[in-house]
Amino acid sequence: MARRIAIVGASLAGVRTIKALRRKGFDGDVVLIGEENELPYDRPPLSKQFLTSDDPVAAKLLEPESFYDSVDLRLGVRATGLSLRDQSIALNDGSRVYADHIVIATGANARSLPGLPDSDRVARLRTIEDARRIRSAFANAEHILVVGGGFIGCEVAAAARKRGLAVTIIEPASAPVIRGVGALVGGIIASLHRERGVDVRLGVNVRSVDQGVGGCLATLSDGTQIETSFIVVGVGAVAGTGWLQGSGLDLSNGVLCDAHCRAVGGGGHVWAAGDVAAWPSGLFGEVRRIEHWTNAAEQAGCLATNLLDSDAASGHDPVPYVWSDQYEHKIQILGSVNGDDDTKLLQGSIEDLRFSLAYSRAGLLRGVVAFDMPSEVVAMRPLIAGLAPMASMS
């Protein structure tokens with residue numbers, strides 16, 4: 001019987017694990033370890049509403065402060081190592097936390113661009129402090145350069161345009177988010193930003209950046225140069241596993257888990273959930289690691305159930321869901337969507353920017369991408385879960 005559970009990562013997955021444990025009757029000790037000094041907060045708004053608001057209040061908390069009254073909350077400390085032998089976590093303040101079970105919920109860290117570290121004029125976006133720096137830059141900048149045309153980069157660009165700033169997006173591929181959603185939707189997103197005044201540069205990358213007192217001069221791979229006040233780098237993320245090196249866990253792509261969220265090689269006492277966790281999906285026939293809000297919330301609930309009652313263990317194999325808000329549009333992705341999938345228009349009009357598009361592989365429905373059709377997307381979940389034949393989609 002577990003009496004002490006330590007959770008590393010004051011993230012959505014970490015907090016939802018606590019909530020699920022308490023809801024299922026666990027009344028033992030819970031330790032929550034978080035590197036930031038902030039109470040756990042919601043990350044998706046950081047690239048959207050937070051950047052366009054003048055409200056100095058912190059980001060939306062995941063739970064009120066009173067939620068942690070029964071939790072040993074360790075904020076502002078960083079995990080530096082994991083010992084499987086004595087089931088303990090080393091912290092950077094020199095202390096160790098021992099527990100019957102350890103939950104890894106350290107999420108993912110924003111990648112930096114080689115040769116372009118964070119500085120007074122360069123930022124990545126992952127934490128509330130990052131978002132504060134970017135919002136502060138918005139208040140004083142004339143031009144923002146966004147390096148990377150993924151969803152984070154596009155959301156930051158949209159927020160900057162709402163603030164009236166000139167914006168340039170640099171993306172090495174032939175369209176934004178093309179590897180995830182394909183050329184059609186990628187082209188639609190590029191056009192959406194261009195219509196709002198964003199200078200979208202495709203097929204190029206940043207070769208070098210000279211930073212001065214008044215701003216930055218970025219030289220691109222095609223030889224052109226861009227003067228900018230501030231640079232936001234959005235080139236993806238890597239699983240937060242640096243502190244686990246040498247632990248004996250499989251870290252080839254995050255923390256490898258079984259279908260029940262147990263870390264492989266963790267002796268049955270180490271678990272993982274959220275952006276950091278990889279697991280075998282029977283539905284999609286591959287090992288998956290998903291950096292989505294919905295997955296973190298759902299996986300935490302599954303983990304808590306399996307940790308407390310191994311006899312009732314159930315596998316985590318969801319139909320993934322993620323969304324992106326850009327300008328007045330909500331872009332939704334349900335299922336497993338790849339840029340080289342076959343596509344078919346299901347409903348609506350692409351010209352009107354209100355549509356749903358089906359994605360298939362080997363004749364089977366694997367996912368849906370939609371603009372501003374929330375109820376229609378939700379209705380597709382059981383069809384994707386059931387691997388419906390694409391021929392049956394009308």
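Each value in this text was obtained by applying a stated rule to the coordinates, not by laboratory testing. It should be emphasised that the depicted structure is a prediction, and the values quoted were computed from it without experimental measurement. Reconstructed Cβ throughout: ideal geometry from the backbone, glycine too, with neighbour counts over all protein chains shown.
At q = 0.06 Å⁻¹, what is the log10 ratio I(q)/I(0) for the chain, with the Debye formula run over Cα points and no solvent?
For the requested q values the scattering log ratios are -0.25.
Can you pull the one-decimal nm distance between simple spin-label points at E227 and A385, each 7 Å off the Cα toward Cβ?
Output for this residue pair reads 5.7 nm.
To the nearest 10 degrees, how steeply does helix 151-162 sit against the main Cα axis of the chain, on a 0 to 90 scale?
Long axis of 151-162 versus the principal axis of the chain: about 50 degrees.
Loop-only GluC sites (Glu not before Pro) in the stretch 127-193, please: DSSP not H, G, I, E or B, and at most 13 other Cβ atoms within 10 Å.
Numbers: sites: E129, E142, E155; in loops: E142.
Hits after loop and neighbour filter: E142.
Residue separation times 0.36 nm, minus the C-alpha to C-alpha distance between S392 and V238: what's the value?
Values: separation 154, 0.36 × 154 = 55.44 nm, distance 3.79 nm.
The S392-V238 span can extend by a further 51.7 nm.
Using the Kirkwood radius over C-alpha pairs as Rh, can you work out the diffusion coefficient of the stretch 112-233 via Stokes-Einstein at 20 °C, viscosity 1.002 mPa s, in µm² per second?
Using the Kirkwood radius from Cα pairs, D works out to 150 µm²/s.
Please list, in chain and number order, the residues 5+ apart from G81 or on another chain whose amide H is under 5 Å from its amide H, with Hs placed from the backbone.
HN-HN under 5 Å from G81: A90.
At a Förster radius of 25 Å, what calculated FRET efficiency corresponds to the Cβ-Cβ distance of S349 and S53, to the nearest 0.05? Each step should come with its number before you reach the end.
On the way: r = 32 Å, r/R0 = 1.29.
Calculated transfer efficiency: 0.20.
Which order do peptides 7-13, 322-328, 105-111, 23-29 fall in by mean Cβ count within 10 Å, highest first?
Values: 7-13: 28.3, 322-328: 17.1, 105-111: 22.4, 23-29: 12.3.
Listed from highest to lowest mean packing, they are 7-13, 105-111, 322-328, 23-29.
Pairs of alpha-carbon atoms within less than 8 angstrom and 6+ residues apart define the contacts here; what relative contact order does the chain have, in percent?
Working: 873 pairs, mean separation 58.3, N = 394.
This gives 15 percent for the chain.
Would you mind counting up the charge near D275? Only other residues with Cβ under 12 Å from its Cβ, with Lys and Arg at +1 and Asp and Glu at -1.
Numbers: positive: R43, R126, R288, R289; negative: E291.
Counting the neighbours of D275, the net charge comes to +3.
Would you kindly compute the Cα radius of gyration of the stretch 176-252 and its largest Cα-Cα separation (Dmax), both in Å?
17.7, 51
Extension gain D29-L364, at 0.36 nm per residue separation less the Cα-Cα distance, in nm?
Numbers: separation 335, 0.36 × 335 = 120.60 nm, distance 4.63 nm.
Gain on extension, D29 to L364, equals 116.0 nm.
Residue-wise, which Karplus ³J(HN,Hα) couplings in Hz belong to the stretch 298-306, taking 6.51 cos²θ - 1.76 cosθ + 1.60, θ = phi - 60°, and x for glycine or proline?
5, 5, 4, x, 5, 4, 4, 4, 6
I'd like the orientation of helix 178-195 relative to the chain: the angle between its Cα long axis and the longest Cα principal axis, in ° from 0 to 90, rounded to 10.
Result, in degrees: 50.
Arrange T219, T127 by Cβ neighbour counts within 10 Å, fewest through most, would you? Let's see the in-between values first.
Details: T219 14, T127 18.
Going from least to most buried by this count: T219, T127.
Using the eigenvalues of the Cα gyration tensor, what equivalent ellipsoid semi-axes result for the stretch 148-296 when each is taken as the square root of five times the eigenvalue, whole Å, largest first? List each step's numbers first, then the result.
Details: eigenvalues 272, 71, 35 Å².
Listed largest to smallest, the semi-axes of the stretch 148-296 are 37, 19, 13 Å.
For helix 128-140, report the angle its Cα long axis makes with the longest principal axis of the Cα atoms of the chain; keep it between 0 and 90° and round to the nearest 10°.
20
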